[in-house]
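Worksheet: the structure to be examined is printed underneath.
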Amino acid sequence: MADATAVDRNALDLFERSLRGLLTTDGVDVDAALAEVGWRDFLAADPVAAVPLLFGVQGELLLGGTALDDVALDALDFDPSRLEIDGALVHPRRCVDAAMRHDRTLVVDGLVVGERTPASFVVVVGSGAVIVPATALDCAVVQGIDPSLELVRVRGTVSLADVSMADDVDGAAVAPACRRALAYELLGAVDAMLATATEYAQARHQFGQPIGAFQAVKHRLADVYVARQAASAVLAESWHSEPECTTLAAKALAARAGALAAEHCLQVLGAIGFALEHPLHRFVRRVRVLDHLYGTEAELRTQLGRLLLARGRVPRPGSA
Amino acid sequence: MRFEFTVLDDHERALQAEVRAFLGDVLPRGSFEPGLGMAGRKDPAFSQALAARGWVGMSLPRDYGGGDRPAVERFVVAEELLRWGAPVGHHWIADRQSGPLLAKVGTPEQKARFLPAICRGELSFCIGMSEPDSGSDLASVVTRAVRAEGGWVVNGTKVWTTGAHEHDWMMALVRTSDGRDRHEGLSQLLVDLRAPGVEVRPIPFLDGTSDFNEVVFQDVFVPDADVVGPEGQGWRQIGQELAFERGGPDRWLSTYLVLEQLLREQPALATDPTFGELLGAAVAQFWGLRQLSLSIARTIDRGEQPAVEAALVKEMATRFEQDLLEAVLGFVQSEPAPGSGSLAERLLATAVLTAPSFTIRGGTIEILRTIVAKGLRA
């Protein structure tokens, strides 16, 4: 057992190093780089190792790309290329599906990551998924506070007669898997912000000492770290038990840690943190936008509460 | 530390009604893009129209074009302007602190030169205090003025100077001598931003503005006539100036408009019990802050310097505004877009990116809490 772990560890480190090497190059095409390192195979073979690694790096380096689609499709157990379609996944902006059925029509409203023009969209509806021709929906680039994510809002009403059903898929598994991935991305961003602020607290001197010497500053950074660790713990749990509940909790906690990190790191950095010439602002924007995908912190908490009430019990942590 | 209870009298309430009527007339709702509190746009024409009604330089001496009016009356006008989102950027700093500073410690010549133009809403000021290596530790500034024939030669860099790219004058804190301790030997100098050797560089910010600037002085000559107050007494002068700056309605009226506009655009919120709870909590806090702020104005009118009280109000108010914003965001369905057709959303999008700076600018809450804590021992 120990041997297998050692090999896995080495392979993981190697993978991470090649990934970082590729992804820290200026102007890198993220999707091409991920294809080069065989990300999709890694995801299929060992999601427990692949997802934290990639999404952690994605959050830390503020990358774009379409890895979230890969996570969704892997969970869905659906490979669009087998049907010879280049389907982009429409992710929900809130705690509901990106598409709702009303009699014989489907109302779609969601987000696509990594600005592209695919021929069709894949949308999760309940426990299934449908493939919608791109021409049937309106696309608008989201001019929000983080343009670097290249989000596109996809909306429209289509007749069920104009879409095709994806067979034998596990629609219910998508949201938990994506929430988990997004939570890792949020924590990657938190780690980067914390590192920046901690370094600053050591380097910046006022009143004859580094500002990190002041308890007020120490406490702010510690609070962020505590929030981060709590989220990380539940994230780890989410692979083992009650994924529907734990992923709701994990993303909510990660979003909270993200908001706290933005607030406290901005406060510690002072005015320089707001200047575009400093990288912190990009993380501040990123965590806000990630909060909205698959449900905001508040929405997730409400959803979790509803779920627990429906079940009539609170699952014990560590139980299957 | 004392906050005496106070209310507006009939005369003050009449003034309030007058300002509301003026704003409804000159800037009807929907006819302009409101700003968030003191981040209101610079509009010299509006400042001058306001001045024509006697509402700029209200606390300045009548002899120099001012109104010789109490701080409370200025409070009343400021409150109305800020909650309307009026474009006050051009005259705000001049009116709030630079003018009053000159009135208090300026020479008769300086008063004659600057105050009337400030009172007419013509002249605009910015503040040069922070430097790249001196933020919270303001006494550590290294911009230095060296004696020259008829004045001083200034070298150094000021940073985070709001509006330096579009204002006329800067009130700069510089070191003119070395005293026994570092709080001695600092002076306030009037710097003409168009003088040779002054270079202003806008710094683009997270909220999409470039109002904050870096200002570099390279051998800038400042005549003796432009030194404000006794040489070497700058630190004490700033203390007073900061009391004016910190305790006013600007500190708790930056996000108010977001709340008001949201309710206007989404009347259904009025019957949402959770929103009701937020509103109740927010209003309770607003009343508290307003009372504290008004009390500070009355204290100033009694000739006192409520520096600790002002620090307390700013600390509380800026934190409150940030918390309120977070709470309001909980009722918004999607990430607010800056280019939205909804005014509430536009204001919210701006507020989201600006609000984190409330607890930093004009004194971080860490510094303010220290001031309050020291005050408790008194």
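Here are the numbers:
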{"read-out": "Single condition residue A:75 does not satisfy, out of (1) more than 13 Å from the chain's Cα centre (by Cα); (2) aliphatic (A, V, I, L, M); (3) not in a helix (DSSP H, G or I)", "value": "(3)"}
{"read-out": "Cβ-Cβ under 6 Å pairs, at least 6 apart or on other chains, region A:1-27 side assigned by TED's automatic domain parsing to the domain that holds residue A:56 and among the charged types (D, E, K, R), far side at pLDDT 85 or above and surrounded by 11 or more Cβ atoms within 10 Å (Cβ to Cβ)", "value": "A:16/A:53"}
{"read-out": "Count of residues meeting criterion [of a type in the set (Gly, Ala, Ser) and either over 30 Å from residue B:293 (Cα atoms) or facing chain A (nearest Cβ under 8 Å) (or both)] in region B:311-338", "value": "3"}
{"read-out": "When residues of region B:159-205 are limited to those that are outside any loop (DSSP other than H, G, I, E, B) and basic (Lys, Arg), the one surrounded by the most Cβ atoms within 10 Å (Cβ to Cβ)", "value": "B:175"}
{"read-out": "Conditions (1) out of contact with any Ser or Thr (no Cβ under 7 Å at 6 or more places or on another chain); (2) surrounded by fewer than 18 Cβ atoms within 10 Å (Cβ to Cβ); (3) at pLDDT 90 or above; (4) more than 30 Å from residue A:108 (Cα to Cα): number failed by residue A:61", "value": "(1)"}
{"read-out": "Search result, residues across region B:339-363 that are assigned to a loop (DSSP other than H, G, I, E, B), at the interface with chain A (Cβ under 7 Å from one of its Cβ atoms) and either hydroxyl-bearing (Ser, Thr, Tyr) or over 17 Å from residue B:310 (Cα atoms) (or both)", "value": "B:339"}
{"read-out": "Members of region A:268-314 found to be farther than 16 Å from residue A:179 by Cβ, at the interface with chain B (Cβ under 10 Å from one of its Cβ atoms) and not in a helix (DSSP H, G or I), listed by number", "value": "A:275, A:276, A:277, A:278"}
{"read-out": "Tally, over region A:76-112, of residues that are surrounded by fewer than 15 Cβ atoms within 10 Å (Cβ to Cβ) and closer than 25 Å to residue A:302 by Cβ", "value": "4"}
{"read-out": "Strands (runs of 3 or more DSSP E) enclosed by region A:86-142 - at least 2 residues per element that are in contact with a helix residue (DSSP H, G or I) (Cβ under 9 Å, 6 or more places away or on another chain)", "value": "A:87-92, A:105-112, A:120-125, A:128-133"}
{"read-out": "Failed condition for residue A:94, given (1) among the charged types (D, E, K, R); (2) at pLDDT 95 or above; (3) assigned by TED's automatic domain parsing to the domain that holds residue A:117", "value": "(2)"}
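Each row is one residue, and each column tells you yes or no for (1) out of contact with any strand residue (DSSP E or B) (no Cβ under 6 Å at 6 or more places or on another chain); (2) away from chain A (no Cβ under 14 Å); (3) charged (D, E, K, R).
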site: B:159; (1), (2), (3): no, no, no
site: B:180; (1), (2), (3): yes, yes, yes
site: B:189; (1), (2), (3): no, yes, no
site: B:249; (1), (2), (3): yes, yes, no
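The values are calculated or read from the model by the stated rules, or taken from the named source; none is laboratory data. Remember, predicted model here, so these are calculated numbers, not experimental data. Please note: Cβ atoms are built from the backbone with ideal geometry, for glycine as well, and neighbour counts cover all protein chains shown.
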